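*Asks:* There's a structure below that I have some questions on.
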Amino acid sequence: MSSQQEMSLVTANPPVNVDQIFPEVDMTGGDSSPNVRATVVQASTVFYDTPATLDKAERLLAEAAADHGSQLVVFPEAFIGGYPRGSSFELAIGARTAKGRDDFRKYHASAIDVPGPEVERLAEMAKKYKVFLVMGVIEREGYTLYCTVLFFDPQGQFLGKHRKLMPTALERCIWGFGDGSTIPVFDTPIGKIGAAICWENRMPSLRTAMYAKGIEIYCAPTADARETWLASMTHIALEGGCFVLSANQFCRRKDYPPPPEYLFSGSEESLTPESVVCAGGSSIISPLGIVLAGPNYEGEALLSADLDLGDIARAKFDFDVVGHYARPEVFSLNIREYPRKAVSFTSKVTTKDETVVNK
């Protein structure tokens, strides 16, 4: 049976007509608030095989659009390129190995350039299935990798990206750090959409920056499958008065290359091909703290719910974290939204009449 056939269909409400795409959503008029049909994908990467992973992403996107009527689809952290769970890259302080270096070489080869052909294909998918697409990728810039989220609209436009600001633990040895230039919140016809990745969701300053940008649909792709993750997602929904959509991979040992090509450090001997190494736990939470879908710990799944955007105002009547509940005379936050470059170039061009400095 194919992975698509095995996919569970988890829905909070009946699917809407797939033709009811975002242009029909009126954010301003009428007495009733619009609904947005949203889906989070819980599925594994085809590790070390980016073309196959893109094919799998398209199958899942097609299923979300056709069977769930989705207008917005959120994929897990590092879905394209892979989350290297369990791998140590054979690192120790002051020492590396030939195999660890080659592990990084293969991981680097699985990453994608932004922009690049894989980004173009993802844009085509978003256009084909008429959805807003939020995709977790491993981004390659030269020989540095970033854990990144890409955003696309239903016309196939690449809207932008968010790079993970603070990789966790050993992630810091294989991923670069994002900066303030990639903390976007996109104002779209279905609401203001942004993302924070995994444990950076636990960073109060980052969350506050996103609240100040008016985020309404807060995407939280993650690699954290613990039951405690749901509490964090519920807190963010209540704190921000926003919908929270958290997508995680569901992976078994067989979804990674077999040993000795790929080793789960410290646990390989106890694993079988069917052993669950990431249990998912994806969910969708309303601004009122209500769990609309999930958490799912059973297998690969599509989890869908209708987001009543009126719940944002209902929640913020109680608590608006950067509005009537803020105390700017006591607390303030300064955010530097410009990129930090290691090297910049200045050249002097002399013309007949003047000297022009180009940077």
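*Asks:* Which members of segment 269-283 meet the condition of being more than 16 Å from Asp224 (Cβ to Cβ) and touching a helix residue (DSSP H, G or I) at 6+ places or on another chain (Cβ under 9 Å)?
*Replies:* Answer for segment 269-283, where residues must be more than 16 Å from Asp224 (Cβ to Cβ) and touching a helix residue (DSSP H, G or I) at 6+ places or on another chain (Cβ under 9 Å): Leu271, Thr272, Pro273, Glu274, Ser275.
*Asks:* Can you find a residue in segment 307-330 that is in a strand (DSSP E or B), surrounded by 21 or more Cβ atoms within 10 Å (Cβ to Cβ) and not β-branched (Val, Ile, Thr)?
*Replies:* The answer is yes, given that some residue of segment 307-330 is in a strand (DSSP E or B), surrounded by 21 or more Cβ atoms within 10 Å (Cβ to Cβ) and not β-branched (Val, Ile, Thr).
*Asks:* Tell me which residues, restricted to segment 209-253, are under 18 Å from the mean Cα position of the chain (by Cα) and among the β-branched types (Val, Ile, Thr).
*Replies:* Within segment 209-253, Ile215, Ile217, Thr222, Thr234, Ile236, Val244 meet the criteria.
*Asks:* Still on this structure: Just to check your reading of the model, which residue among Thr355, Thr272 is at pLDDT 90 or above and over 28 Å from the mean Cα position of the chain (by Cα)?
*Replies:* Only one candidate qualifies: Thr272.
*Asks:* Please go through segment 142-181 and give me each residue that is open to solvent by less than 50 Å² (accessible area, probe 1.4 Å) and of a type in the set (A, V, I, L, M, F, W, C), ordered by number.
*Replies:* Leu145, Cys147, Val149, Leu150, Phe151, Phe152, Leu165, Ile174, Trp175
*Asks:* Shifting gears a bit: What are the residue pairs meeting all of these: first residue in segment 160-181, first residue over 20 Å from Phe104 (Cβ atoms), second residue loosely packed, with under 15 Cβ neighbours inside 10 Å and aliphatic (A, V, I, L, M), Cβ atoms under 6 Å, and 6 or more apart or on different chains?
*Replies:* Gly180/Ile335
*Asks:* Right, another one. Go through segment 226-267 and give me each residue that's open to solvent by 30 Å² or more (accessible area, probe 1.4 Å), out of contact with any helix residue (DSSP H, G or I) (no Cβ under 8 Å at 6 or more places or on another chain) and either in a strand (DSSP E or B) or over 27 Å from Val74 (Cβ atoms) (or both).
*Replies:* Within segment 226-267, Arg252, Pro258, Pro260, Glu261, Leu263, Ser265, Gly266, Ser267 qualify.
*Asks:* Could you list all residues from segment 48-73 that are within 28 Å of Asp103 (Cα to Cα) and not in a helix (DSSP H, G or I)?
*Replies:* Across segment 48-73, the qualifying residues are Tyr48, Asp49.
*Asks:* Please determine whether any residue of segment 81-89 is modelled with pLDDT of 95 or more and either open to solvent by 70 Å² or more (accessible area, probe 1.4 Å) or not in a loop (DSSP other than H, G, I, E, B) (or both).
*Replies:* Scanning segment 81-89, I find no residue that is modelled with pLDDT of 95 or more and either open to solvent by 70 Å² or more (accessible area, probe 1.4 Å) or not in a loop (DSSP other than H, G, I, E, B) (or both), so the answer is no.
The values are calculated or read from the model by the stated rules, or taken from the named source; none is laboratory data. Quick caveat: nothing in here was measured; it's all calculated off a predicted structure. Methodologically, a virtual Cβ is constructed for each residue, glycine included, from the backbone with ideal geometry; neighbour enumeration extends over all protein chains shown. These area figures cover heavy atoms from the full protein model, side chains too; ligands, DNA and RNA do not enter into them. Shrake-Rupley method; radii C 1.70, N 1.55, O 1.52, S 1.80 Å.
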